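Heads up: the structure comes next, in structure tokens.
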Amino acid sequence: MPEHSAQRNPAVDIGKGIAMLLVLYGHAIGELYLYGDTRAAPVAAQLKLIYSFHMPVFFLFSGMVHRVRELRPQLRNACALLFTAYIVHVFCWAAGTLYATAAPDWKALVFPLIELRHFKAVIVWFLAALALVQLAYHLLSQGPMARRLAVAAIVLAGFVWAQARASNVFELSALLPGLLFFAVGHRMAGPGSLMQRLGRHDGLVLAALVFTVVSAGWNTGCRWDLAGDCPNVPGSFVALMIAGQYGVLPLFLLTALVGCFAVVGLSQRIAVRLPAGGRALAWVGRRTLQLLVVNGLVIFFLHPWLAGVLAPPGSLWALEAIALTMVAGQLLMVLLFGSLTSLPLRLAKYLAARLPLLRA
């Protein structure tokens, strides 16, 4: 298992920044797209491309920065991620309940905390999934072989069951793909790693980008058809692709892997050739958890309001402009109100550090 330096790798932060911008933009344009009466092919193609690899990229970079720890600090870190998801979920539930005319839906409060799904702030599912992925990787990479085999069997059986039932309880449908990309990221990090070698070949990076664009279009659904629309693409395809439940799963995994390598190589080149742009992207990358929390709140509070007051514009460029404005607004929120947006993260770490069995 590679030992990772405690010093931050700027290329990793740049890559996380690229992935975070894709998430913010994908969610913004996706919500506008799904609220519309049509399925414009250029928008669907962008969504399909982004969702073909943006979450695997996060698992991969999380693996890159993962440090080998004892079980107790690993559990503490996982609990902090879960508590962050819980805090944001409870806040959204409470705010929604205050403005609702019906009686409080206590099931909507409790069951997501137990089943780790159907969070009010949808995007925090990733924090729950990442917590489980980190724990699974720790158990698979250390300890007796019998325990490793048992954990591997549970992960595989859970994924098969989730596929058969079209269920994502306990993030089972995301656990196996997330674990694969987390492991790849951990193995390709460190001095003289594959990440550094990838960034030296511009042609390889370009080929990976082209392959990702083409294969994402092949994998069922919309192509880059500027004149058509996509009436047969389900509105939930963006979520289904993350779990490999839409399109061809092997092609999805291949597209995600090549897309990850493209982002890795691109971030390496930006770090070397565009230092100013690299610093800006690295700033975003160092605040991915804050931005995930902010984006979850924006999706819960702002997007439904937009659906009621803003009809998706007929012009593709106008829709793109609105989506980019929403991205810029969320970055500005973190820039201006960093202490406030980091409050759920700090509270979650505080609670995790004071769990009786996990105290340092």
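Give a residue-ordered list of calculated ³J(HN,Hα) values for region 20-31 (Karplus: 6.51 cos²θ - 1.76 cosθ + 1.60, θ = phi - 60°; whole Hz; x for Gly, Pro).
5, 5, 4, 5, 4, 5, x, 5, 5, 6, x, 5
Fewest first, what order do HIS138, HIS201, HIS66 take by the number of other Cβ atoms within 10 Å? Before the final figure, lay out the partial values.
Working: HIS138 20, HIS201 14, HIS66 23.
Going from least to most buried by this count: HIS201, HIS138, HIS66.
Treat the count of other C-beta atoms within 10 Å as a stand-in for reagent exposure and order THR325, THR212 from fewest to most.
On the way: THR325 10, THR212 23.
By the 10 Å Cβ count, ascending: THR325, THR212.
Can you tell me the length gained on complete extension of the stretch VAL272 to ARG67, counting 0.36 nm per residue apart and subtracting the Cα distance?
Values: separation 205, 0.36 × 205 = 73.80 nm, distance 2.51 nm.
Result for the pair: 71.3 nm of gain on full extension.
Under a point spin-label approximation (7 Å from Cα along Cα-to-Cβ), what is the SER342-VAL160 distance to one decimal in nm?
For SER342 paired with VAL160, the spin-label model returns 4.5 nm.
Give, in nm to one decimal, the length gained when the segment between LEU98 and LEU357 is fully stretched (0.36 nm per residue of separation minus the Cα-Cα distance). Could the numbers behind the result be given before it?
Values: separation 259, 0.36 × 259 = 93.24 nm, distance 3.55 nm.
Between LEU98 and LEU357, full extension yields an extra 89.7 nm.
Show which lysines lie in cross-link reach of LYS120 when reach means a straight Cα distance below 19 angstrom and same-chain residues fewer than eight apart are skipped.
Straight-distance partners of LYS120: LYS107.
Of ILE50, ILE87, how do they rank once you tally other Cβ atoms within 10 Å and put the fewest first?
Neighbour counts put them in this order, fewest first: ILE87, ILE50.
All of the numbers you see were taken from the coordinates with simple rules; none came from a lab. For clarity, every value in this text was computed on a predicted model and none was experimentally measured. Backbone-built Cβ (ideal geometry, glycine too); neighbour counts: all protein chains shown.
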